[in-house]
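A short worksheet on the structure shown next.
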Amino acid sequence: MDATVVAGWIGGLAGLGGAVVGAGGAIVAGWIQQSKQAEVARAERLESRGYTAAQRALGELLSAREALAAYIRDPSSAPNPYRPARDAVRRAEAEVLVVPNARELRHRMRTIFTVYRADRWPESSSRRDRTKWRVDVVAEGISLLSYYLRGDVLPAPSSRFVRAQSVMVPEDTS
């Protein structure tokens, strides 16, 4: 074989090898890019779902607070604020359950909902006192959801919430 023919074959094989390596690299790079894009899209969907659910929960808690506050302002205008407030708090609880990637928020909100639903307030307390305590509990939830929606670190429980929680009569475990 002539040296020019051999050089041609070597050049051709080198070009073909380079094309195969380049095509393989392009396929692998495309697959990696597609995987990363799918991952980013999933994270964005989860973030959007969490933000939307937290906004709806916040709206429900604001409704509950308004129903309770109307009773405190004028007990005769809202003789039973508990049913609309309770229903709004239940809807808020359902929304918080679906907030993804927010374990601490869900845990703290679960505590808030437990305290809100408590029927173990002191017997000597008036309906107005119990309503004020519930407003404090709902306000704690509003605060936590606001921090979450802003992307801030969740604050420690407020003194008003701690006080409302401490007023509860412990369950009899016997």
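Give me the pairs: first residue in region 103-120 and open to solvent by less than 50 Å² (accessible area, probe 1.4 Å), second residue of a type in the set (S, T, Y), beta-carbon distance under 9 Å, and six or more apart or on different chains, which are they?
Listed pairs, sorted by first residue: L105/Y147; L105/Y148.
Give region 72-83 a look and list any residue that's surrounded by 13 or more Cβ atoms within 10 Å (Cβ to Cβ), out of contact with any Leu (no Cβ under 9 Å at 6 or more places or on another chain) and free of Cβ contacts under 8 Å to residues at least 60 places away in the same chain, or say none.
P75 - this is the single residue of region 72-83 that is surrounded by 13 or more Cβ atoms within 10 Å (Cβ to Cβ), out of contact with any Leu (no Cβ under 9 Å at 6 or more places or on another chain) and free of Cβ contacts under 8 Å to residues at least 60 places away in the same chain.
Within region 87-109, which residues are touching a helix residue (DSSP H, G or I) at 6+ places or on another chain (Cβ under 8 Å) and under 21 Å from Q165 (Cα atoms)?
Matches in region 87-109: A88, V89, A92, E93, V96, L105, R106, R108, M109.
Quickly run through region 62-71 and pick out the residues that are in contact (Cβ under 8 Å) with a residue 40 or more places away in the chain and open to solvent by 30 Å² or more (accessible area, probe 1.4 Å).
L62, R65
For region 46-61: of the residues being more than 13 Å from A94 (Cα to Cα) and of a type outside the set (D, E, K, R), which is least open to solvent (accessible area, probe 1.4 Å)?
Only one residue fits best here, namely L46.
For region 95-118, check the following and say yes or no: at least one residue is touching an Asp or Glu at 6+ places or on another chain (Cβ under 6 Å) and either closer than 18 Å to S63 by Cβ or modelled with pLDDT under 95 (or both).
yes
Given the conditions (1) in contact with a Pro (Cβ under 9 Å, 6 or more places away or on another chain); (2) open to solvent by 80 Å² or more (accessible area, probe 1.4 Å), report the number of the one that K36 does not fulfil.
(1)
The values are calculated or read from the model by the stated rules, or taken from the named source; none is laboratory data. On a predicted model such as this, the values are computed, not experimentally measured, just so you know. So basically every Cβ, Gly included, is an ideal-geometry build from the backbone, and we count neighbours across all protein chains shown. For accessibility, only protein heavy atoms count, side chains too; no ligands or nucleic acids. Shrake-Rupley method; radii C 1.70, N 1.55, O 1.52, S 1.80 Å.
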